[in-house]
Amino acid sequence: MIVKEFISKPHLKTVNRGSFTWSSPSNIALVKYWGKKEHQIPENPSISFTLNNCKTTTSLTFSKKESIEDFSFEVFLDGEKKDDFKPKIKTFFERITIYLPFLKSYRFKIETSNTFPHSSGIASSASGMSALALCLMSIEKDLIGDMSDDYFINKASFLARLGSGSACRSIEGSLVVWGKHDYIEGSSDLYGLKYPFEVHNNFKNYQDSILLVDKGEKQVSSTVGHNLMHGHPFAQERFKQAHENLATLITILKTGDVDRFIEIVESEALTLHAMMMTSMPYFILMKPNTLEIINKIWAFREKTGSKICFTLDAGANVHVLYPEIETKDVLKFIKNELVAYCQNGHYICDNIGFGAKQL
Ligand code: PMV
């Protein structure tokens, strides 16, 4: 599959060396992407909040080399050489070299760091791949000389998607849709689209406190997880449901109906986990403390009328979502009742952000 609109235009400039730095955030899906076709095409549309504090900063330093036979790059995390990151980046370069023909002409040094601990169970692939894609686009922009902002952003998202699907939703904020949806003009399976409709004040600056229940390596990689949707007995119904949930969410986001927002978001999280429990082989990615936290959140909501809710990634950590006006009360609740279920008492306070930044 070759997407013509992202094939590079002729390079009019010569650039021998340089360096670019981008900082790119993580994101948390409200309607989940789970299941993909070939070439990282999602089986259903998804929508996410872009985060603010959980981010990756990547500097890409490059210099022209003689041979153009192979890729040449080194990767550093927090100043330490990371050869174990190389295979993933090599695969990424191989996938995107048709769209960035200069990749084999330069020697690259990739220096990256995350604001969240590497071993926190928070995936760094979305923020990491989007930051790298943006650095590469900065080089391409210099080589071509003239590029519209829209093209820059769309192609960065397109490339990030080829690195890690959900990374395409990390370029902009505060809400990003990825995947073709009938009601959202401009939505695409190829890249993320900044949510184009009205968003009620209730959802502005929403808070996300991430409770770190299990900081270990992911039990199931997302590649394996997505593949489990092939031939999954409930797959087609699930994909249909995601379309419906996204359609419902458009109205909810406009009217500010936080109660219905909670229903959709929690149902999406549990459905994602239900898909993994009902695949073959099957997995339970929640831990006992994940369930303890969910039950506590439900009890707190029942007792206080709070609009707090939860969502989950493909792991045991819990994202606690709540409106900004409840920050004080929810943080007190987290400290008093939820911290006990977090590994070493760790949690990260985040809120909605507006996307990547060049530094
Ligand atoms: O981007 P991937 O391939 O790591 O998949 C991410 C999938 C979920 O985080 C579970 C859901 C989502 O939409 O982000």
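The values are calculated or read from the model by the stated rules, or taken from the named source; none is laboratory data. For clarity, every value in this text was computed on a predicted model and none was experimentally measured. Please note: Cβ atoms are built from the backbone with ideal geometry, for glycine as well, and neighbour counts cover all protein chains shown. The accessibility values were calculated without ligands, DNA or RNA, using every heavy atom of the protein model including side chains. Shrake-Rupley method; radii C 1.70, N 1.55, O 1.52, S 1.80 Å.
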(request) Determine the dipole magnitude for the range 301-348: charges of +1 sit on the beta-carbon of Lys and Arg, -1 on that of Asp and Glu, nothing else is charged, the reference point is the Cα centre, and the result goes in debye to the nearest 20. (result) 140 debye
(request) Roll a 1.4 Å probe over the protein chains and send me the accessible area per residue for the chain in Å². (result) 45 Å²
(message) Suppose R0 equals 41 Å. What FRET efficiency, 1/(1 + (r/R0)^6) with r the Cβ-Cβ distance, do ILE41 and GLU292 give to the nearest 0.05?
(response) 0.65
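Arrange the peptides 9-17, 206-214, 242-250 so that the one whose residues have, on average, the most other Cβ atoms within 10 Å appears first.
Those peptides, ordered most packed to least, come out 206-214, 242-250, 9-17.
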(request) Whenever you get a sec, compute what percent of the accessible area on the chain sits on carbon and sulfur atoms (1.4 Å probe). (result) 51 percent
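If one computes P(r) from the Cα atoms of the range 114-254, what percent of pairs lie at distances over 26 Å?
Above the 26 Å cut-off, the range 114-254 has 37 percent of its Cα pairs.
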(message) Could you tell me the extents of the range 1-54's C-alpha atoms along the three principal axes, largest first, rounded to whole Å?
(response) 43, 34, 13
(request) Could you calculate, for the range 1-94, the ratio of the Cα radius of gyration to the Kirkwood radius, expressed as Rg to Rh? (result) 1.01
(request) Take ASN53, project a point 7 Å from its Cα along the Cβ direction, then tell me which residues of the range 184-222 have their backbone nitrogen under 11 Å from it. (result) 208-211
(message) Treating only the Cβ of Lys, Arg, Asp and Glu as charged (+1, +1, -1, -1), what charge dipole size does the chain show about its Cα centre? Round to the nearest 20 debye.
(response) 640 debye
(request) Beta carbons within 10 angstrom, averaged per residue: use that to sort the peptides 133-144, 276-287, highest first. (result) 133-144, 276-287
(message) Which lysines, if any, have their Cα less than 22 Å from the Cα of LYS64, not counting same-chain residues under 8 positions apart?
(response) LYS9, LYS13, LYS81, LYS86, LYS90, LYS104, LYS109, LYS141
(message) As a test of the definition: which semi-axes, in Å, follow for the chain when you take the square root of five times each eigenvalue of its alpha carbon gyration tensor? Largest first, please.
(response) 35, 22, 20
(message) Can you tell me the length gained on complete extension of the stretch VAL224 to GLU302, counting 0.36 nm per residue apart and subtracting the Cα distance?
(response) 24.4 nm
(request) Take HIS346, HIS232, HIS200 and sort them by solvent-accessible surface of the protein heavy atoms, 1.4 Å probe, largest at the top. (result) HIS346, HIS200, HIS232
(message) Checking the table LYS254/LYS357; LYS303/LYS335; LYS32/LYS357 against a 21 Å threshold on Cα-Cα, which pairs fail?
(response) LYS254/LYS357; LYS32/LYS357
(request) Treat each spin label as a single point 7 Å out from the Cα along the C-beta direction, and report the GLN358 to THR251 distance in nm. (result) 4.2 nm
(message) What does the extension gain come out to for ASP149 and LYS81, with contour length at 0.36 nm per residue minus their alpha carbon separation?
(response) 21.1 nm
(request) Using DSSP to define loop residues, name the trypsin sites (Lys or Arg not before Pro) in the range 144-236 whose beta-carbon has at most 15 other beta-carbon atoms within 10 Å. (result) LYS204
(message) Can you show me the helix-derived [θ] at 222 nm for the chain, built from DSSP H runs with n ≥ 4 at -39,500 (n - 2.57) apiece and divided by the number of residues, rounded to the nearest 500.
(response) -10500 deg cm²/dmol
(request) Between SER105 and PHE197, with labels modelled 7 Å along Cα→Cβ, what's the label distance in nm to one decimal, could you check? (result) 4.4 nm
(request) Could you calculate the FRET efficiency of VAL339 with VAL15 from 1/(1 + (r/R0)^6), where r is the beta carbon distance between them and R0 is 45 Å, rounded to 0.05? (result) 0.35
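For the range 238-359, take the convex hull of the Cα atoms, compute a quarter of its surface area, and give me that in nm², please.
On the way: hull surface 40.3 nm².
Its average projected convex-hull area is 10.1 nm².
Quick check: convex hull of the Cα atoms in the range 188-285, volume per residue, rounded to a whole Å³?
Taking the convex hull of the Cα positions in the range 188-285, it is 140 Å³ per residue.
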(request) Express as a percent, rounded to the nearest 5, the fraction of DSSP beta bridges in the chain (both residues included) that run antiparallel. (result) 90 percent
(request) Have a look at ALA242, SER209, ALA269 and report the one farthest towards the positive end of the charge dipole of the chain, computed about the Cα centre with Cβ charges (Lys/Arg +1, Asp/Glu -1). (result) SER209
(message) Which one, THR14, ASN114, PHE92, projects farthest toward the positive side of the charge dipole computed for the range 1-132 from Cβ point charges (K/R +1, D/E -1)?
(response) THR14
